[in-house]
Every structure is written in C-alpha cells, then in structure tokens.
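Visitor: Sharing a structure here in structure tokens format.
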Amino acid sequence: MKILIINGPNLNLTGIRDQKNYGIISLDEINAQIENHADRFGVSVGFFQSNSEGDVIDAIHAARSDFDGIIINPAAYTHYSYAIRDAVDAVNLPVIEVHMSNVNAREEFRHKSVIAPACAGQISGLGKYSYIAALYALTEIYKNNSK
Ligand code: DQA
C-alpha cells in the first residue's frame with residue numbers, strides 16, 4: 001500500500017511560522033517521523049508540498065496511478081478551494097484531510113472546510129499526530145477492504 005501526503009501553502013515554513021499553532025519542528029522532521037510510522041504500519045509513503053493550487057490539483061490527479069490513498073493538509077485552501085475539492089471528488093481514492101491546529105478553536109473562517117465533505121474524514125488539532133493518526137486509519141481501512 002502506498003499513501004501520498006500532500007501539504008499545501010505555507011506548510012514548508014512549519015517550525016518557523018506561528019509556532020503556537022504549528023509547533024517548532026520542520027515539515028522535513030514531521031515527514032521523517034511519518035516515514036518511521038509508515039515502516040511500522042507496513043506501508044510506503046510519498047511526500048508532496050506546494051504553495052500553488054494547480055500543483056496540488058495535479059498531484060491529486062497523478063496519485064491515481066501510483067497511490068492507494070491520500071492524506072492532505074490543504075492549509076488555507078481548505079476554506080475556499082472548490083477546485084481542490086473537485087479534484088478529491090474526481091479521483092477514486094480514499095482521502096483524509098488533516099490539520100495540525102484545531103481549526104474549530106480558531107478564527108471563524110477556519111471552521112469551514114469546503115474540501116472535507118469530499119473526503120473520507122477529517123482530523124484536526126493533533127499537531128504532527130494528525131498525519132500519523134490519518135496514516136494509521138488509512139492503513140486499517142485498506143487492510144479491511146482487501147479482506
Ligand atoms: C492548517 C489550518 C489552516 O487554517 C491554515 O491556513 C494552515 C494550516 C493546519 O494545519 O492547522 O495553513 O491547515
């Protein structure tokens with residue numbers, strides 16, 4: 001099983017920007033920890049980060065041929081990108097939306113995700129563990145579906 005982890009705009013600055021909400025470790029360090037867990041779960045992972053909406057959409061489309069599921073942190077696009085939502089809808093893969101911060105405890109505009117309704121589920125507020133929890137869930141869902 002192969003899972004693609006997609007991170008949207010500004011998440012390349014994780015560890016530097018807004019440490020109160022996003023912590024002090026970098027995206028590369030988070031990805032390394034995700035990779036360790038992937039080994040334990042017996043799955044492989046790929047990573048993609050972009051600050052551009054079109055590139056995120058292209059990565060979702062391309063995942064159709066190489067991956068069995070997607071974990072996406074669409075960052076600010078979460079709240080208004082119907083184009084990313086439609087891309088998630090268009091690919092026949094399980095997708096979990098994740099957020100490091102608890103979006104429901106923050107500004108009103110962060111409470112709404114236009115993408116989550118097209119996803120299998122959403123995990124928010126667990127820092128780096130949002131990704132790891134999503135990875136665990138996708139692994140289990142895949143195992144049970146292939147039984
Ligand atoms: C975020 C939450 C978004 O509202 C914000 O725009 C981000 C990061 C999170 O991981 O908590 O850039 O997706």
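The values are calculated or read from the model by the stated rules, or taken from the named source; none is laboratory data. Predicted model, so just to flag it, every value in this text is computed and none were measured. Cβ atoms come from the backbone with ideal geometry, glycine included; neighbour counts cover every protein chain shown. The accessibility values were calculated without ligands, DNA or RNA, using every heavy atom of the protein model including side chains. Shrake-Rupley method; radii C 1.70, N 1.55, O 1.52, S 1.80 Å.
Visitor: Give me the residue from the range 126-147 that is more than 13 Å from the ligand (Cβ to nearest atom) and in a loop (DSSP other than H, G, I, E, B) and, out of that set, surrounded by the fewest Cβ atoms within 10 Å (Cβ to Cβ).
Guide: Lys147
One line per residue, one yes/no per condition, for (1) in a helix (DSSP H, G or I); (2) within 24 Å of Asn102 (Cβ to Cβ); (3) of a type in the set (Val, Ile, Thr):
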position	(1), (2), (3)
Asn31	yes, yes, no
Asp39	yes, no, no
Gly46	no, no, no
Ile57	yes, no, yes
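Visitor: Can you tell me which residues in the range 41-78 are among the charged types (D, E, K, R) and either within 13 Å of the ligand (Cβ to nearest atom) or more than 13 Å from Val95 (Cβ to Cβ) (or both)?
Guide: Glu53, Asp55, Asp58, Asp66 - these are the residues of the range 41-78 that are among the charged types (D, E, K, R) and either within 13 Å of the ligand (Cβ to nearest atom) or more than 13 Å from Val95 (Cβ to Cβ) (or both).
Visitor: Please verify whether Ser44 is open to solvent by less than 30 Å² (accessible area, probe 1.4 Å), among the hydroxyl-bearing types (Ser, Thr, Tyr) and over 13 Å from the mean Cα position of the chain (by Cα), treating the condition exactly as stated.
Guide: no
Visitor: Test each condition in (1) in contact with a helix residue (DSSP H, G or I) (Cβ under 9 Å, 6 or more places away or on another chain); (2) closer than 21 Å to Ala133 by Cα for Asp28 and report the one that comes out false.
Guide: Of (1) in contact with a helix residue (DSSP H, G or I) (Cβ under 9 Å, 6 or more places away or on another chain); (2) closer than 21 Å to Ala133 by Cα, only one is false for Asp28: (1).
Visitor: Name every residue in the range 1-40 that is within 15 Å of the chain's Cα centre (by Cα) and within 13 Å of the ligand (Cβ to nearest atom), in order of residue number.
Guide: Across the range 1-40, the qualifying residues are Ile5, Ile6, Asn7, Gly8, Pro9, Asn10, Leu11, Asn12, Thr14, Tyr22, Leu27, Ile30.
Visitor: Quick test for you: out of Val103, Val98, Val91, pick the one residue that is farther than 17 Å from Leu126 by Cβ, β-branched (Val, Ile, Thr) and either open to solvent by less than 30 Å² (accessible area, probe 1.4 Å) or away from the ligand (no atom under 15 Å from the Cβ) (or both).
Guide: Among Val103, Val98, Val91, only Val91 is farther than 17 Å from Leu126 by Cβ, β-branched (Val, Ile, Thr) and either open to solvent by less than 30 Å² (accessible area, probe 1.4 Å) or away from the ligand (no atom under 15 Å from the Cβ) (or both).
Visitor: Next up: Within the set of pairs 6 or more residues apart or between chains, which connect a residue that is open to solvent by 80 Å² or more (accessible area, probe 1.4 Å) inside the range 12-37 to a residue that is basic (Lys, Arg) with Cβ atoms less than 9 Å apart?
Guide: Glu29/Lys128
Visitor: Spot the failing condition for Ser113; the list is (1) in contact with a helix residue (DSSP H, G or I) (Cβ under 8 Å, 6 or more places away or on another chain); (2) away from the ligand (no atom under 13 Å from the Cβ), and only one is missed.
Guide: (2)
Visitor: Taking only the range 84-113 into account, find how many residues are within 13 Å of Pro74 (Cβ to Cβ) and touching a Leu at 6+ places or on another chain (Cβ under 7 Å).
Guide: The total comes to 1.
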